[in-house]
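Quick notes on the structure that follows.
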């Protein structure tokens, strides 16, 4: 059950009221915010997702180092509460501009100085995430919009704001996943699985071929590193409709990390893994071993850079890449020092990907987890 | 060999008048060109004036004036007037007109040695313009003020009195007023002279010094009425002897013929820090009969005695009574007044010695205020209360200052830091004849280093307190600058009035920041 606006407002206000009470009692006020770093990220082996650890940081007003963040957090909290009370749906950029004030003050040398409440959107985004972890409410639930870039196409019908949308009737286009997929009602799904594709161009190609119709599946892309709404949509399809999820990316450490974000969650947003991750998502490729298995022509093979190798070494250490299959693939990559893109499969003709590679991987269970 | 030795030797063997010697070797004494000569003339007269006042317990009032008489031909006049003990009329011609005549040749710290420099200035003026030296002087309680115009007969080393007058001393004035007309380059030496006067005021904070010259006027009022303890006349230390000194001391005994003292008596009477026991032990060690009469000693014996005295390591340290350091308090006052620094600390070390010569090192550190930040600390050097302006790079103080790791003392270069060093000694070990740089004598170097480090530790304490105060200030500014945003956000969130939160923040700042800051401040003041 999604939270009602009243509940959301009450929980947000609660955070601010604690500070107000401390202040009125003459206690140096502080906010307690869970720490969002790799160190405070825990791999939940049983559920195969990343979770936020127990570490919390005190953000104290009277501490010179945290005073500004303290102010920024309260400022952002007040903006979000105001928007909720007014039933407005600001974007994260709107919030950045609304809270950007110039503070004029006299510095320690008696000079008149100016300072911005925040200098760039990274700072305001960061406090939004802090408020999410401190309250346990996702920003989508707070009605905060962002640049949603996910797309979906296939035999699925959703209801949004009362309108029925049939995603099998989008022609050459696709349905743009809205910022808060929880507000979508999924009316009907007739598909055997979900295929998540890293790259938009490949998604467009498969859509043009009507791959989803032929294979009876849903196609999703997050255009590279997926945003939260794309992941939430995929999660709902897996959780609520029991659809297996397959992921297709380039054969390089960046593509593989994108797979792991769909499956386990990301380090910076580990606090919302439970709502976003698909622990059973299956990786169908492209893998390093595919280069040999599918006899990829030499002209499609790219030499790995030092950065690629470094990233692969890091992946090997993450607990969510500790499976034998993944360790084998990563080791092979470090040994061969070769990577390829999804497009390399076209070395055997343009139909090879959709008629041979994907169906074979799924039918013969050649995926890895 | 010192210049003095050279002159004495010349006088003795070649029969050359000392005045003539100076006349021929004027560059040695700092009169090499019109720029140096003008600076040197001012220096000699000012130092004479200071010695004539403070050494006799008089708070100095010194007036210095330079006038351009004929700028095209570089003719200037220098006038220096003091309120010192003056010169008795019968002595005056010799004091100003005869080289090696004076009262200062005693073993104690003073600025000059028997007024050589003043006579050099008189000679130089006479040489370049032909004008006599003009003197007005009165001793304390004198009924008359005497005026002279004096030239020097160079070949005979005798004063020529051009004119002599006396007037009623109705105002009971005492002091000396000297005027010289000489060839001097004012524009070239102006800055150097001004710097010299400024630094003199720093090392003599008990003096009123007025300096006037074309386009310049500097007035330094005394900041204290306390004078440093004047130096007492001392005896030479046995470690610092030579044959000439032994000869002089022996010839000083009045009834040498009738009742010559024994060698042991001679040592006890004539030397510093030598008692009967010390003398006997030394003589035994050196292989001398303590009861031999000194008139029986031959040159060969004197050579051996001087050598053994130098070699002996069991002498007691020379006493520091012939020294007159400024003291921490006066040094601090002078430095603070002239440098307008935010923080000044001074250290006067205990007396030490090198080669039989007592010395005392004093150091002041000045930080902040009007001192400009520099890559290396600004160094101001003094020796026997004389500012040293030239050859800084060769001076032992520069070496010590540059070798100190200032980071250890919370000083981050470039820093607004000045180091003042003052070395007092009966014999300052100058490098070369310029007398502007002090040589790297290990004992002195060590003392300077210890003094600077001690002062630097005090500076560090000050800076860390200041740092803590700064932390409080930064905290205050940081918290209050966000107060409005915090109060407004809380007002929105809780739907209450912003003012109550502003007031609460104000109270918090008051109790948690300002009161703590006040405690730190109080602690700083107590130190």
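The values are calculated or read from the model by the stated rules, or taken from the named source; none is laboratory data. Note that the structure is a prediction, hence the values are computed from the model and not measured. Cβ coordinates were reconstructed from backbone atoms using ideal geometry, including for glycine residues, and neighbour counts include every protein chain displayed.
Annotations
- Elements of type helices (runs of 4 or more DSSP H) contained in the range A:63-141, each with 2 or more residues being within 12 Å of chain B (Cβ to nearest Cβ), in contact with a helix residue (DSSP H, G or I) (Cβ under 8 Å, 6 or more places away or on another chain) and in contact (Cβ under 8 Å) with a residue 24 or more places away in the chain: A:67-86, A:121-135
- Test: residue A:48 is surrounded by 14 or more Cβ atoms within 10 Å (Cβ to Cβ), more than 10 Å from every other protein chain (Cβ to nearest Cβ) and at positive phi: yes
- Residue count, the range B:479-491 (criterion: surrounded by fewer than 21 Cβ atoms within 10 Å (Cβ to Cβ) and within 7 Å of chain A (Cβ to nearest Cβ)): 2
- Wholly enclosed strands (runs of 3 or more DSSP E) of the range A:178-232 bearing at least 1 residues surrounded by 24 or more Cβ atoms within 10 Å (Cβ to Cβ): A:193-197, A:217-221
- Applying the condition of being part of a loop (DSSP other than H, G, I, E, B) and buried (at least 20 other Cβ atoms within 10 Å of the Cβ) to the range B:27-53 and asking which residue is modelled with the lowest pLDDT yields B:30.
- Qualifying strands (runs of 3 or more DSSP E) (wholly inside the range B:127-236; at least 2 residues being free of Cβ contacts under 8 Å to residues at least 24 places away in the same chain and under 25 Å from the mean Cα position of the chain (by Cα)): B:216-220
- Condition met for residue B:360 (out of contact with any helix residue (DSSP H, G or I) (no Cβ under 7 Å at 6 or more places or on another chain), modelled with pLDDT under 95 and surrounded by 19 or more Cβ atoms within 10 Å (Cβ to Cβ)): yes
Results for (1) at pLDDT below 80; (2) closer than 14 Å to residue B:180 by Cα; (3) surrounded by fewer than 24 Cβ atoms within 10 Å (Cβ to Cβ), shown as yes or no for each residue.
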{"site": "B:55", "(1), (2), (3)": "no, no, yes"}
{"site": "B:61", "(1), (2), (3)": "no, no, yes"}
{"site": "B:66", "(1), (2), (3)": "no, yes, yes"}
{"site": "B:71", "(1), (2), (3)": "no, no, yes"}
{"site": "B:81", "(1), (2), (3)": "no, yes, yes"}
{"site": "B:94", "(1), (2), (3)": "no, no, yes"}
{"site": "B:124", "(1), (2), (3)": "no, yes, no"}
{"site": "B:137", "(1), (2), (3)": "no, no, no"}
{"site": "B:142", "(1), (2), (3)": "no, no, yes"}
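- Selected residue (only one of B:266, B:253 is at pLDDT below 80 and over 30 Å from residue B:332 (Cα atoms)): B:253
- Test: residue in the range B:441-460 that is over 30 Å from residue B:322 (Cα atoms), more than 14 Å from chain A (Cβ to nearest Cβ), part of a helix (DSSP H, G or I) and touching a residue at least 60 places away in the same chain (Cβ under 8 Å): yes
- Residue match in the range A:318-338 (condition: more than 30 Å from residue A:270 (Cα to Cα), assigned to a helix (DSSP H, G or I) and in contact with a strand residue (DSSP E or B) (Cβ under 9 Å, 6 or more places away or on another chain)): no
- The range A:253-309 holds helices (runs of 4 or more DSSP H) entirely within its bounds, and those carrying 2 or more residues that are over 14 Å from the mean Cα position of the chain (by Cα), surrounded by fewer than 18 Cβ atoms within 10 Å (Cβ to Cβ) and not assigned by TED's automatic domain parsing to the domain that holds residue A:47 map to A:289-293.
- Looking only at the range A:135-148, residues that are touching a strand residue (DSSP E or B) at 6+ places or on another chain (Cβ under 8 Å) and either surrounded by fewer than 21 Cβ atoms within 10 Å (Cβ to Cβ) or under 18 Å from residue A:200 (Cβ atoms) (or both) come to 4 in all.
- Members of the range A:1-29 that are outside any loop (DSSP other than H, G, I, E, B), more than 33 Å from the chain's Cα centre (by Cα) and surrounded by fewer than 20 Cβ atoms within 10 Å (Cβ to Cβ): A:21, A:22, A:24
- Residues satisfying the stated conditions in the range B:492-510, i.e. within 9 Å of chain A (Cβ to nearest Cβ) and either under 19 Å from residue A:103 (Cβ atoms) or part of a helix (DSSP H, G or I) (or both): B:492, B:493, B:494, B:500, B:501, B:504, B:505, B:507, B:508, B:509
- Test result for residue B:300, farther than 26 Å from residue B:427 by Cβ, without any contact (Cβ under 8 Å) to a residue 24 or more places away in the chain, more than 36 Å from the chain's Cα centre (by Cα) and surrounded by fewer than 18 Cβ atoms within 10 Å (Cβ to Cβ): yes
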